[in-house]
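What follows is one structure encoded as structure tokens, with my remarks underneath.
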Amino acid sequence: MPSKKADPFHWDSLVRLTHWGVAAACVGNLWLNEAGEEWHEWLGYTAMTLIGLRLVWGLSFAKGHARLRALIPSRADFRQQAVALHERTPATPGHHGSGKLAVWALWLTILATAGSGWFQNTELGFELGADDWHLWCTWALQGLIALHLTALAFTSWRQRSNLVARMLPSVRGKRAQQAPASQDQHS
Ligand code: HEM
Ligand code: HEM
């Protein structure tokens, strides 16, 4: 049976920070605050800024699977995904093909939601009925979030790998760094 220990991959700190920041902003604006409140607007702009930061990171200093080029899905990614889910092999680093598509869909929908939220507050946006666009975007976003969480749970179960742990700080890495220091103290 595949071992969970075969999955030491973690997303880098900036990917984790922007992910949880964007997720918190979406949860706040979709389900916690009142539409049109000042902090609703600020959370929307914060989500936009964090996605902007993530995109610049993906184009500049990010390594390996976090680079934007690595997020463009290929036919091989989808074939590999089908085989991995069928054979239940442990998750390999990075996203599956459908995961890569989902990342772009989430980013674009969040940007469109925040953009239409801003636009409906302008004179032209008001005349064009941009409040309807904002509403449609929020429905699309809720659908994508539901799909995101379902796909994560399904993939984690099929591949017997905890994908959520890869979006959290690496505890094992910290322990490994701390171990020599504590051994030194005992010697
Ligand atoms: C992540 C970004 C955002 C999300 C998820 C979001 C979500 C929502 C939701 C769920 C509603 C209630 C829709 C309804 O039931 O009518 C709403 C309304 C509203 N949002 Fe946003 N929003 C975001 C960004 C923004 C931004 C950046 C602004 C303005 C700068 C904004 C301004 C408004 C306004 C004025 C309303 C009230 C619209 C109305 O009642 O007709 N939103 N938003
Ligand atoms: C509620 C709003 C959420 C949004 C908008 C969202 C959005 C995203 C986006 C855009 C990515 C790609 C990250 C990147 O490459 O920078 C991602 C990945 C990921 N998200 Fe979320 N997320 C949300 C909630 C959650 C929650 C609640 C969890 C955990 C329970 C979660 C776990 C993950 C994981 C584990 C990945 C990496 C998947 C993989 O390893 O292939 N997300 N999410």
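Quick rundown of the values:
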| item | result |
| --- | --- |
| Residue check for Leu68: within 16 Å of ligand 1 (Cβ to nearest atom), of a type outside the set (Phe, Trp, Tyr) and either farther than 25 Å from Leu128 by Cβ or without any contact (Cβ under 8 Å) to a residue 12 or more places away in the chain (or both) | no |
| Test for Asn121: is it part of a loop (DSSP other than H, G, I, E, B) and within 16 Å of ligand 1 (Cβ to nearest atom) | yes |
| Flag for Trp104 being loosely packed, with under 15 Cβ neighbours inside 10 Å, within 14 Å of Val22 (Cβ to Cβ) and more than 9 Å from ligand 1 (Cβ to nearest atom) | yes |
| From Ala112, Ala140, Ala105, residue being in a helix (DSSP H, G or I) and in contact with a Cys (Cβ under 6 Å, 6 or more places away or on another chain) | Ala112 |
| Contacts under 6 angstrom Cβ, first residue in region 80-95 being assigned to a helix (DSSP H, G or I), partner surrounded by 13 or more Cβ atoms within 10 Å (Cβ to Cβ), 6 or more apart | Gln81/His96; Gln81/Gly97; Leu85/Arg158 |
| Index of the failed condition, Gly173 passing every other in (1) part of a helix (DSSP H, G or I); (2) surrounded by fewer than 16 Cβ atoms within 10 Å (Cβ to Cβ); (3) under 22 Å from the mean Cα position of the chain (by Cα); (4) at pLDDT 95 or above | (4) |
| Residue within region 1-8 that is modelled with pLDDT of 95 or more and within 13 Å of ligand 2 (Cβ to nearest atom) present | no |
| Top-ranked residue in region 29-39 [being part of a helix (DSSP H, G or I) and more than 10 Å from ligand 2 (Cβ to nearest atom); ranked as modelled with the lowest pLDDT] | Glu38 |
| Residue list for region 70-89, filter: more than 9 Å from ligand 2 (Cβ to nearest atom) and either closer than 15 Å to Val15 by Cβ or modelled with pLDDT under 95 (or both) | Ala70 |
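The values are calculated or read from the model by the stated rules, or taken from the named source; none is laboratory data. Source: prediction; values computed, not measured. Here the Cβ is made from the backbone with ideal geometry for all residues, glycine too, and neighbour counts use every protein chain on show.
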